[in-house]
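The values are calculated or read from the model by the stated rules, or taken from the named source; none is laboratory data. Model, not experiment: these values are computed from the prediction. Neighbour counts run over all protein chains shown; Cβ positions are idealised from the backbone, glycine included. In case anyone asks, the SASA skips ligands and DNA or RNA and just uses the protein heavy atoms, side chains included. Shrake-Rupley method; radii C 1.70, N 1.55, O 1.52, S 1.80 Å.
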Amino acid sequence: MTVTLPGLFDLQVNGFGGIDFNSADLTGERVVEALHRMRATGVTRCLPTLITSSFDRFAANARVLARVSDPALAGIHMEGPYVSPADGARGAHPAAHVAAASVDDFRRRQDAAEGRIVLVTLAPEVPGALTLVEHLAAAKVRVAIGHTAATPQQLADAIAAGATLATHLGNGCPQMLPRHPNVIWELLAADAVLASVIADGHHLPASTVKSMVRAKGPFRTILVSDAIAAAGGAPGSYTIGGVACELGADGRVSLPGTPYLAGSSLTLDRAIANTCRFTGLPLAGVIPMASTLPASYLGLTTLGTVTASWDEEACELTVRHVAA
Ligand SMILES: [Zn+2]
């Protein structure tokens with residue numbers, strides 16, 4: 001059947017269609033091309049995401065993104081460098097550039113980004129993090145908790161200071177956790193915190209997505225792609241910033257020779273279909289998680305409308321047309 005959806009909104013996308021927002025050769029034209037290719041998957045607004053890198057790389061790429069005036073670019077998501085240095089929690093973020101948090105360092109980055117950073121993912125246990133969370137909350141920059149091995153108390157302190165989102169919950173945390181308490185249960189239970197999830201079946205198994213959506217509720221769960229340049233591309237070698245990664249035939253993106261995932265090749269239209277299949281929720285119950293909820297989380301609206309075919313039996317959503 002034909003369905004009409006609001007334009008999709010992706011809070012976390014590192015690149016698309018062969019274009020890496022973290023690479024040294026990023027230009028405004030390439031950003032616009034990536035945004036254009038993303039539209040074919042129904043995404044009409046997004047936050048290009050810059051992961052941990054040197055200050056100079058961050059500043060250069062943030063400046064390129066900031067000067068793109070396309071309304072599809074709703075701001076910048078700064079993921080790192082204030083993340084856990086521990087293997088597992090750090091994920092694909094390069095250890096050499098992981099840093100303590102400071103208001104001064106953030107101000108320099110926000111200046112380079114010409115004020116376009118609207119979401120920061122950080123780990124509460126990093127030195128200086130709590131002071132920065134308070135500063136960001138006062139400045140109306142949204143704060144997400146992620147790439148963290150924080151204790152329950154550190155998580156509670158960050159939430160009290162103004163953190164409002166858990167970035168890709170269930171990923172960017174230690175490979176081995178105590179059964180309870182742990183960072184996943186604490187963030188699931190925190191009603192003041194929304195959770196983003198990567199519903200590709202690789203980052204989280206179906207049963208985990210189902211359990212998380214049930215625990216958080218559809219009105220506190222946001223679907224993100226966390227896509228890298230490999231999204232919309234063929235299996236093979238790609239990069240995210242200076243980090244090499246590999247897209248397998250199964251759609252999994254990993255750091256070669258390690259068990260660690262390095263972003264995804266997921267597209268948001270497939271995330272919606274997967275979430276319907278994993279949770280049993282109807283399409284109408286899942287659409288807001290990838291459109292109106294992420295938009296309203298940032299105090300924004302969605303853009304345009306998407307016409308798609310929905311095969312309920314097969315849980316397949318195929319974008320046909322994107323208007324305005
Ligand atoms: Zn991440």
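I need the calculated FRET efficiency for the pair Arg214 and Asp250, taking r as the beta carbon distance and R₀ as 25 Å, to the nearest 0.05.
0.40
Would you pull out the residues with amide H under 5 Å of Thr121's amide H, same chain only if 5 or more places away, H placed 1.01 Å from N?
The list, which skips near neighbours in sequence, is Met78, Glu79, Gly80, Ala144.
Quickly rank 217-229, 96-108, 121-133 as a protection proxy: mean count of other C-beta atoms within 10 Å, highest first.
Put in order of decreasing packing, that is 217-229, 121-133, 96-108.
Could you work out the pair-distance distribution P(r) of the chain from its alpha-carbon pairs, with 10 angstrom bin width and percents rounded to whole numbers?
Over the chain, the share of Cα pairs per 10 Å bin runs 6, 29, 39, 22, 4, 0 percent.
What is the percent carbon and sulfur in the accessible area of the chain, measuring with a 1.4 Å probe over the protein chains and ignoring ligands?
55
What is the magnitude of the charge dipole of segment 69-215 about its Cα centre, with +1 placed on the Cβ of each Lys and Arg, -1 on the Cβ of each Asp and Glu, and no other charges, expressed in debye to the nearest 20? Before the final figure, lay out the partial values.
Values: 10 positive and 13 negative charges, 50 e Å.
Dipole size: approximately 240 debye.
Once every DSSP H run of n ≥ 4 in the chain is given -39500 (n - 2.57) and the sum is divided by its residues, what mean residue ellipticity at 222 nm do you get, rounded to the nearest 500 deg cm²/dmol?
Numbers: 10 runs with 94 residues, N = 324.
Helix-only estimate at 222 nm: -8500 deg cm²/dmol.
Would you mind telling me the antiparallel percentage of the DSSP bridges in the chain, rounded to 5?
Numbers: 22 of 46 bridges.
Restricted to the chain, the bridges split so that about 50 percent are antiparallel.
Based on Cα coordinates alone, diagonalise the gyration tensor for segment 87-233, multiply each eigenvalue by 5, take square roots, and list the semi-axes in whole Å, largest first.
24, 18, 16
Work from the charge dipole of the chain (Cβ charges, +1 for Lys and Arg, -1 for Asp and Glu, about the Cα centre) and give the residue of Val243, Ala323, Ala231 farthest towards its positive end.
Farthest along the dipole direction, towards plus: Ala323.
Going by average Cβ neighbours within 10 Å, how do the peptides 109-118, 73-82 rank, with the highest at the top? Mind dumping the intermediate values first?
Values: 109-118: 18.3, 73-82: 25.2.
Highest-to-lowest ranking by the protection proxy: 73-82, 109-118.
For a quick protection proxy, order the peptides 84-90, 167-173, 18-24, 8-14 by their average other-Cβ count within 10 Å, most packed first.
Result, highest mean Cβ count within 10 Å first: 8-14, 167-173, 18-24, 84-90.
Just to verify a number: FRET efficiency for Ala234 and Arg107, C-beta to C-beta distance, R0 = 30 Å, to 0.05?
Calculated value: 0.15.
On a full-extension model of 0.36 nm per residue, what is the gain between Trp185 and Arg63, subtracting their alpha-carbon distance, rounded to one decimal in nm? Display every interim value, and only then the final one.
Working: separation 122, 0.36 × 122 = 43.92 nm, distance 3.73 nm.
Taking Trp185 through Arg63 to full extension adds about 40.2 nm, to one decimal.
Using a simple charge model, +1 on the beta-carbon of Lys and Arg, -1 on the beta-carbon of Asp and Glu, nothing else, what dipole does the chain show about its Cα centre, in debye to the nearest 20?
Dipole size: approximately 340 debye.
Please get the size of the charge dipole for segment 1-154, origin at its Cα centre, with Cβ charges of +1 on Lys and Arg and -1 on Asp and Glu, quoted in debye to the nearest 20. All intermediate terms of the calculation are to be shown ahead of the outcome.
Details: 14 positive and 15 negative charges, 64 e Å.
My answer is approximately 300 debye.
Over the chain, average the accessible area per residue using a 1.4 Å probe and give it in Å², no decimals. Please list the in-between numbers first.
Working: 12560 Å² over 324 residues.
With the other protein chains kept in place, the chain gives 39 Å² per residue.
Roughly what would the spin-label model give for Ser296 and Thr4, points 7 Å off Cα along C-beta, in nm?
2.1
Fully extended, how many nm does the chain gain between Glu29 and Asp70 (0.36 nm per residue separation, minus their Cα-Cα distance)?
So the chain would gain 13.7 nm between Glu29 and Asp70.
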